[in-house]
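This report concerns only the one structure given below.
The values are calculated or read from the model by the stated rules, or taken from the named source; none is laboratory data. Because the structure is a prediction, the values reported are computed rather than measured. Every residue, glycine as well, gets a Cβ built from its backbone with ideal geometry; the counts of neighbours run over all protein chains shown.
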Amino acid sequence: MLLYLKSMLMHIKCDIEYKVSFILTVIASALSSLLAIIGSLILLKSFGSIDGYTVSEILLTTGIALFGHVTTEMFGRGLDHFHKQVKNGLLDRLLTRPRNITLQVLCSEFEIGKIGRLVDAIVILLYAIFTVNVDWNFYKVFVLLLMICGSIILFFSILLLKASFSFWTIEGMEFMNIISDGGREVSSYPISIYEKWFANIFTYIIPFGCVNYFPLLYLLDKGNVPIWYGLTPIVTIIFMLISSGVWKIGLKQYASTGS
């Protein structure tokens, strides 16, 4: 962990060395997500609600999805670009060092410029928390924290799975970006608004519904949902274990690209 913190500080110092470029990058990243959210809000204002969910309720799921996605993009950029390290033979160099390979890959890149989008996510989350019609208590606060942590774990697991395929393909798996970026868009709204077959994929195969739908039903007291609905984000740990298993298999079978 100390190694990662030192590496992160080094990347931050490099990025802020060019102040104008850094500021413009932060502003651009903030506007990119903010404009998309404003577009969604305009639609919500026109319809009043979607499938019975109010603006604040939808913003709660949007904020959680955006926070998990942006946090993973900032801290896991090394995994996102892992295929380049494999293709250029840089992974061979990392394997000769007496450090955890996953930590070294994570330390290779840190994108501080995404902080603009992170601020957007935090502002949206805070607004939703203070305006949504939820009778907050200790357990519901715990459920909210589980949803946020589950979102981070899920997006990180998808990124790790994407990186794992690079051991066999040597190239980046663009279809995984569809799952990651598309998953962010899908989980920005309650999963019930989609077709059943589509919702099932993003609930039982890729457990976005377990993060942003079942616990949301409990928080909003929609129907007589059981109390354990609030604990469904824990399922993301299973998904992370599967991704970690694929990553370890790829490491064991890696025999260099000869670059």
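Points worth noting:
- Qualifying residue in the stretch 64-77 (condition: out of contact with any helix residue (DSSP H, G or I) (no Cβ under 9 Å at 6 or more places or on another chain), farther than 17 Å from A128 by Cβ and surrounded by fewer than 20 Cβ atoms within 10 Å (Cβ to Cβ)): no
- With respect to (1) outside any loop (DSSP other than H, G, I, E, B); (2) surrounded by fewer than 22 Cβ atoms within 10 Å (Cβ to Cβ), the lone exception for V134 is condition (1).
- Of all the criteria given as (1) under 13 Å from L59 (Cβ atoms); (2) in contact with a His (Cβ under 8 Å, 6 or more places away or on another chain), the one not satisfied by S151 is (1).
- Any hit, the stretch 233-256, residues being among the small types (G, A, S) and under 25 Å from L125 (Cα atoms): no
For (1) basic (K, R); (2) farther than 27 Å from G39 by Cα; (3) at pLDDT 85 or above, each residue gets a yes or a no:
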{"residue": "W136", "(1), (2), (3)": "no, yes, yes"}
{"residue": "F155", "(1), (2), (3)": "no, no, yes"}
{"residue": "S166", "(1), (2), (3)": "no, yes, no"}
{"residue": "I179", "(1), (2), (3)": "no, no, no"}
{"residue": "Y189", "(1), (2), (3)": "no, no, no"}
{"residue": "K196", "(1), (2), (3)": "yes, no, yes"}
{"residue": "N212", "(1), (2), (3)": "no, no, yes"}
{"residue": "M240", "(1), (2), (3)": "no, yes, yes"}
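- The stretch 78-112, subset small (G, A, S) and surrounded by fewer than 19 Cβ atoms within 10 Å (Cβ to Cβ), residue nearest to L34 (Cα to Cα): S108
- Test result for I42, surrounded by fewer than 16 Cβ atoms within 10 Å (Cβ to Cβ), over 18 Å from the mean Cα position of the chain (by Cα) and in a helix (DSSP H, G or I): yes
- Any chance Y139 is of a type in the set (S, T, Y), free of Cβ contacts under 8 Å to residues at least 60 places away in the same chain, assigned to a helix (DSSP H, G or I) and out of contact with any Leu (no Cβ under 9 Å at 6 or more places or on another chain): no
- Close Cβ contacts (under 6 Å, 6 or more residues apart or on different chains) running from residues in the stretch 73-89 that are in a helix (DSSP H, G or I) to residues that are among the basic types (K, R) comprise E73/K114; M74/K114.
- Number of residues in the stretch 184-198 that are within 20 Å of T72 (Cβ to Cβ) and in contact with a strand residue (DSSP E or B) (Cβ under 9 Å, 6 or more places away or on another chain) equals 1.
- Filtering the stretch 93-132 to residues that are within 25 Å of L59 (Cα to Cα), at pLDDT 80 or above and aliphatic (A, V, I, L, M) leaves I115, L118, V119, A121, I122, V123, I124, L125, L126, A128, I129, V132.
- Filtered residues of the stretch 89-117 (kept if closer than 20 Å to S164 by Cβ and hydroxyl-bearing (S, T, Y)): T102, S108
- Only helices (runs of 4 or more DSSP H) whose full extent lies in the stretch 208-259 are considered here, and the ones with at least 2 residues that are over 24 Å from the mean Cα position of the chain (by Cα) are 235-253.
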